[in-house]
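Chemist: Quick one: the structure is below, questions incoming.
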Amino acid sequence: MSPFRSRLLWKAFLSVVLGLALWFPLFYWLTVPLINRLAYEVEEKAARNVLNNVAEMVGQSHHDLLAWRQSALDAHRRELKNIVLVIDSWAKELEGEVAAGRRTRPQARQELLGRLRQVRYGNNDYLWAADYRSLFLSHPDAAFDRRDASALRDSQGRLVLPPMVEQARKSGEGYFSYWWKRLDTGHESEKLSYVRDFPAWGFVVGTGVYIDDVDQEVARRRQAMTTDLRQHLRKMETAGSGHVFIVDGRGDTVVHPDGLPGDAQGARPNGGDGLGARLVAAAQRPDKTLF
């Protein structure tokens with residue numbers, strides 16, 4: 001092979017090597033970021049689908065809890081009315097005794113009020129009676145029995161007895177919500193009551209249930225729901241190394257694969273706002289992302 005031809009091949013080889021050396025960085029610069037971006041978008045889309053499914057599941061669980069609470073309150077309303085209707089049957093029975101001359105009306109009235117003091121049901125719940133002047137005629141708590149309650153207000157500053165008496169006399173019955181101390185513990189709680197007019201006897205009869213009994217059951221059900229979510233989400237991964245966690249509106253970590261109990265606001269990156277608050281704020285933005 002002639003020296004000229006050798007030099008020509010060598011120059012051609014160097015040209016190819018130089019071209020490749022120039023092309024590879026350009027190829028890398030053009031394709032690798034694109035591939036990374038496409039891969040990231042695929043992973044992000046998959047993660048968002050997982051997140052949407054989890055959010056839908058949590059939302060449905062929350063809706064079920066609210067529906068159960070409303071159903072429980074409706075059931076209590078029916079129960080309260082049925083209990084007072086039992087008293088109505090007692091009253092009619094005693095009216096028959098009076099009509100037959102076996103009792104005087106004052107005797108029958110005192111017997112009916114005495115029976116009311118003895119009734120207990122549910123979680124130490126009871127019945128009471130008050131006349132049209134808002135005087136308690138029968139109450140199991142000695143602090144209220146045969147006491148004037150016309151000016152009695154609950155801790156929210158609302159009159160308790162007069163509005164119930166007025167509604168019962170106007171419509172025959174009614175439901176009311178107010179704050180009242182428990183008979184057994186003295187602890188104050190919101191109470192749902194039903195009151196009914198007994199016009200033949202000149203008084204109204206009422207009974208109620210404490211709403212925190214319902215809310216405690218809601219809390220138990222919420223805890224059971226949270227436990228199920230933890231078990232379901234603990235091993236769920238997104239994008240190979242990601243995971244699903246749940247933070248509530250107070251910033252508390254509710255579900256996390258590491259089982260973190262406590263407060264997500266405890267982490268304050270770069271001295272900024274609490275992590276929980278930043279996550280809530282990010283969820284309200286269109287892109288819903290936080291770095």
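Chemist: Filter the range 219-235 for residues that are open to solvent by 100 Å² or more (accessible area, probe 1.4 Å), at pLDDT below 80 and either assigned to a helix (DSSP H, G or I) or of a type in the set (Gly, Ala, Ser) (or both) and give the result.
Modeler: Of everything in the range 219-235, those that are open to solvent by 100 Å² or more (accessible area, probe 1.4 Å), at pLDDT below 80 and either assigned to a helix (DSSP H, G or I) or of a type in the set (Gly, Ala, Ser) (or both) turn out to be GLN231, HIS232.
Chemist: Against the condition of a type in the set (Ser, Thr, Tyr), open to solvent by less than 70 Å² (accessible area, probe 1.4 Å), more than 23 Å from TRP201 (Cα to Cα) and at pLDDT 90 or above, how does SER71 come out, does it pass?
Modeler: The answer is yes for SER71.
Chemist: What are the pairs with Cβ atoms under 7 angstrom where one residue, in the range 266-288, is more than 17 Å from VAL254 (Cα to Cα) and the other, located anywhere, is modelled with pLDDT of 80 or more and assigned to a loop (DSSP other than H, G, I, E, B)? Sequence gap at least six, or different chains.
Modeler: Pairs found: ALA282/LYS288; ALA282/THR289; ALA282/LEU290.
Chemist: Next question, about the same structure. Within the range 117-133, which residues are under 35 Å from the mean Cα position of the chain (by Cα) and hydroxyl-bearing (Ser, Thr, Tyr)?
Modeler: TYR121, TYR126
Chemist: How many residues does the range 83-116 hold that are open to solvent by 50 Å² or more (accessible area, probe 1.4 Å), under 39 Å from the mean Cα position of the chain (by Cα) and under 16 Å from PHE136 (Cα atoms)?
Modeler: The total comes to 1.
Chemist: Also: With the requirement that a residue be part of a strand (DSSP E or B) and either of a type outside the set (Ser, Thr, Tyr) or open to solvent by 10 Å² or more (accessible area, probe 1.4 Å) (or both), what does the range 192-218 give you? Explain how you work it out, then say what you get.
Modeler: Initial filter on the range 192-218 (part of a strand (DSSP E or B)): 192-198, 203-210.
Correct list: LEU192, VAL195, ARG196, ASP197, PHE198, PHE203, VAL204, VAL205, GLY206, GLY208, VAL209.
Chemist: Is one or more of the residues making up the range 121-136 in contact (Cβ under 8 Å) with a residue 60 or more places away in the chain and in a helix (DSSP H, G or I)?
Modeler: Within the range 121-136, not a single residue is in contact (Cβ under 8 Å) with a residue 60 or more places away in the chain and in a helix (DSSP H, G or I).
Chemist: Looking at (1) open to solvent by 80 Å² or more (accessible area, probe 1.4 Å); (2) of a type in the set (A, V, I, L, M); (3) at pLDDT 90 or above, which one does LEU38 not meet, given that it meets all the others?
Modeler: (3)
Chemist: Of the numbered conditions (1) over 22 Å from LEU65 (Cβ atoms); (2) assigned to a loop (DSSP other than H, G, I, E, B); (3) modelled with pLDDT under 70, ASN270 satisfies every one except a single condition; which is it?
Modeler: Failed condition: (2).
Chemist: Mind counting the residues in the range 137-179 that are hydrophobic (A, V, I, L, M, F, W, C), open to solvent by less than 70 Å² (accessible area, probe 1.4 Å) and not in a helix (DSSP H, G or I)?
Modeler: In the first step, residues of the range 137-179 are kept if they are hydrophobic (A, V, I, L, M, F, W, C); the result is 137, 142-144, 149, 151-152, 159-161, 164-165, 168, 176, 179.
Cutting the leftovers down to open to solvent by less than 70 Å² (accessible area, probe 1.4 Å) gives us 137, 143-144, 149, 152, 159-161, 164-165, 168, 176.
From the residues that got through so far, the ones that are not in a helix (DSSP H, G or I) too are 137, 143-144, 149, 152, 159-160, 176.
Adding up the residues that qualify gives 8.
Chemist: Given (1) open to solvent by less than 30 Å² (accessible area, probe 1.4 Å); (2) under 21 Å from LEU116 (Cα atoms); (3) among the small types (Gly, Ala, Ser), where does SER189 come up short, assuming only one miss?
Modeler: Going through (1) open to solvent by less than 30 Å² (accessible area, probe 1.4 Å); (2) under 21 Å from LEU116 (Cα atoms); (3) among the small types (Gly, Ala, Ser) one by one, SER189 breaks only (2).
The values are calculated or read from the model by the stated rules, or taken from the named source; none is laboratory data. Since this is a predicted model, take the numbers as computed values, not measurements. Methodologically, a virtual Cβ is constructed for each residue, glycine included, from the backbone with ideal geometry; neighbour enumeration extends over all protein chains shown. Calculation scope for accessible area: heavy atoms of the full protein, side chains included, ligands and nucleic acids excluded. Shrake-Rupley method; radii C 1.70, N 1.55, O 1.52, S 1.80 Å.
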